[in-house]
1. Looking only at segment 107-143, how many residues end up being surrounded by fewer than 18 Cβ atoms within 10 Å (Cβ to Cβ) and under 22 Å from Tyr33 (Cβ atoms)?
2. Considering segment 70-122 alone, what residues qualify as being within 17 Å of Leu369 (Cα to Cα), in a strand (DSSP E or B) and among the basic types (Lys, Arg)?
3. Is it the case that segment 115-131 has a residue that's more than 15 Å from Phe183 (Cα to Cα) and aliphatic (A, V, I, L, M)?
4. Within segment 326-351, count every residue that is touching a Leu at 6+ places or on another chain (Cβ under 9 Å) and either farther than 17 Å from Ser314 by Cβ or free of Cβ contacts under 8 Å to residues at least 24 places away in the same chain (or both).
5. Search segment 90-115 for residues that are modelled with pLDDT of 95 or more and pair each with any residue that is assigned to a loop (DSSP other than H, G, I, E, B) and open to solvent by less than 10 Å² (accessible area, probe 1.4 Å) when their beta-carbon atoms are under 7 Å apart and the residues are at least 6 apart or on different chains.
6. Can you spot a residue in segment 291-300 that is under 15 Å from the mean Cα position of the chain (by Cα) and modelled with pLDDT of 95 or more?
7. Here is a check on your reading of the model: is Gly87 under 30 Å from Gly167 (Cα atoms), at pLDDT below 95 and open to solvent by less than 30 Å² (accessible area, probe 1.4 Å)?
8. Give me a count of the residues in segment 331-361 that are farther than 14 Å from Leu28 by Cβ and of a type outside the set (Ser, Thr, Tyr).
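The values are calculated or read from the model by the stated rules, or taken from the named source; none is laboratory data. What you see is a predicted model; the values in this text were computed from it and never measured. When we count neighbours, we look across all protein chains shown, and the Cβ atoms used for this are built from the backbone with ideal geometry, even at glycine. When the accessible area is computed, the model is the full protein with side chains, heavy atoms only, and any ligands, DNA or RNA have been set aside. Shrake-Rupley method; radii C 1.70, N 1.55, O 1.52, S 1.80 Å.
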Amino acid sequence: MKKLLLIISLLLPLAGFTQKKFPTTFDLLIGTYTKADSKGIYVYRFYEETGKMAYLSEIDDIKNPAYLCVSANNKFVYSANENDIDGALTAFKFDAPSGRLTLINSQPAGGGPAFVAVDKEQKNAFAANYGNGTLTVLPINKDGSLSPIVQTIKDEGRGINKDRQEGPHVHSGWLSPNEKYFFYADLGTDKLNIYRYHASANPPLTPSTPSFVEVKPGNGPRHFDFSADGKYMYLLQEMGAEITVYNVNGDKLKSLQTVNMTDEHFKGAVGAADIHISPDGRFLYATNRGDVNEIVAYSINPANGQLTLIDRYSTLGKTPRNFVIDPTGRYLLVANQNSDNIAVYKIDPQTGKLIYTNNQIKISMPVCLKMVPVE
């Protein structure tokens, strides 16, 4: 018996060694504005164990890759190359172990694209053209390359803000989690438009009935996110700095709640930018620019999808346009466009509160962050 216990005591440390989990690593892809010192898209290695980052590579001569989208298989990256009235979508091969991007091709986006999305089956890319207010669809070939536009949609109308809403300005568009429907936010007309999606049909998108929901005049819908089960949508409105919660039933939306992102006593300029739900579905975060420069944290009620404020946090920079939550749900990284920095926060898994890690990198005009597992 004593010999058996001795053997077990000797084997336990070895068993612990062989079962040890190595630190999880991710590639952090950074889209930028190339108006100053940035050259294009940068790739950093993000170490989940420490929350630190290390430079890997970059791909230059890509004008204003202001939004990035990674394919479901993590093998391709697509950028929206933003210009005021024209622009392009660009396709890249991506090798996660090395962090290397290789240019495949570019196609005109049909306007000034501020956003790009791709379906899970890698059949179509969608360009939200803020510049001329169109949504365009570009087929994707088997090698990841883009084909020319096959569908263009343009809404009519304007909003009450004469400076920002003189006509349509499409800001983003996403497929529903089951990919049967496509929703896109038009800041210029205060509408969230609703379409049915059939990947191989011509055209791929057809209007639902009704084909849109409206937000409060002058609020300017910008970005949105879905709960993992697709039951709830959270619509961020840039100009009003508000978030509206919708119940989703197929292509039908019912408003449940609207919350204001700013403190009731705040009087300065606002500019809500980005919104994401944590991987466990318990928390929601949203950035607010203007004079605020905050990220706002909410808890999500699992029974009805509604939001309760946790707290507001300084983004430690100016103009927090975009942010990303790492796939483990342990970290949140914010890109501060006008202070040229990316700040790293740790997420408390029990409360959803953010803790600044003292980790930052400096990079010129970062405006989009995406993460890809290395393993």
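1. Summing the residues that are surrounded by fewer than 18 Cβ atoms within 10 Å (Cβ to Cβ) and under 22 Å from Tyr33 (Cβ atoms) in segment 107-143 gives 1.
2. Selection gives Arg100 alone.
3. No, every residue in segment 115-131 fails to be more than 15 Å from Phe183 (Cα to Cα) and aliphatic (A, V, I, L, M).
4. Within segment 326-351, residues that are touching a Leu at 6+ places or on another chain (Cβ under 9 Å) and either farther than 17 Å from Ser314 by Cβ or free of Cβ contacts under 8 Å to residues at least 24 places away in the same chain (or both) number 3.
5. Going by the 7 Å Cβ cut-off, the qualifying pairs are Ala91/Gly144; Lys93/Gly144; Ile104/Gly144.
6. For segment 291-300, residues under 15 Å from the mean Cα position of the chain (by Cα) and modelled with pLDDT of 95 or more: present.
7. Against the criterion (under 30 Å from Gly167 (Cα atoms), at pLDDT below 95 and open to solvent by less than 30 Å² (accessible area, probe 1.4 Å)), Gly87 qualifies.
8. Looking only at that region, the number is 14.
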